[in-house]
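Data first, discussion second: the structure below is written as structure tokens.
The values are calculated or read from the model by the stated rules, or taken from the named source; none is laboratory data. Everything numeric here is computed off the predicted structure, so don't read it as measured data. All Cβ positions, even for glycine, are placed from backbone atoms using ideal geometry, and neighbour counts span all protein chains on display. The accessibility values were calculated without ligands, DNA or RNA, using every heavy atom of the protein model including side chains. Shrake-Rupley method; radii C 1.70, N 1.55, O 1.52, S 1.80 Å.
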Amino acid sequence: MMCYTAAESGKNPFVDNSALAWFRSYLAGQRQHVHCGGQCSVLTNVIYGGPQGSVLGSILFILYTTDLASIVAEHGLSLRQYADDSQIYGSGHSDATSSLSNTVSQCVDSISNWMRSNRLQCLGRRCVCRAEYT
């Protein structure tokens, strides 16, 4: 499962061995099926992820994506996260809009590469860029 895979690789300093064992017991052996129009699909083992709608789901996702903060910081930008939503933002003078736009674009490319290598998908249609001046 994604959380303890990250912890086992040493990438996640927030999960120690006892917590790792607890996460394994929580995530291992999960099964799911889809119910639609009065029909049920075959019960299937969940190989990646955790139970949707669980209290821990958002926390596990944030633990899994802790690398995002360092990727964003490498580009001199800032990151806000809530559940599975992330905001990348930076600031600058109005005459540096083009430079900031290029930096954000490079950061999004770096994040997209990281996401692909970690079995996540970036929904480009939900990416929005906005400029605000004071």
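Taking segment 60-76 as the range and being open to solvent by 50 Å² or more (accessible area, probe 1.4 Å), more than 25 Å from Leu20 (Cα to Cα) and part of a helix (DSSP H, G or I) as the test, the residues that pass are Ala73, Glu74. Of the listed requirements (1) touching a residue at least 60 places away in the same chain (Cβ under 8 Å); (2) surrounded by 15 or more Cβ atoms within 10 Å (Cβ to Cβ); (3) outside any helix (DSSP H, G or I), Arg119 misses just one: (2). The C-beta contact set for segment 17-33 (first residue without any contact (Cβ under 8 Å) to a residue 60 or more places away in the chain and closer than 12 Å to Leu43 by Cβ, second residue small (Gly, Ala, Ser) and surrounded by 15 or more Cβ atoms within 10 Å (Cβ to Cβ), distance under 8 angstrom, 6+ apart or interchain) comprises Gln30/Gly50. Filtering Gly57, Gly53 for residues that are on the phi < 0 side of the Ramachandran plot and not in a strand (DSSP E or B) leaves a single hit, Gly57.
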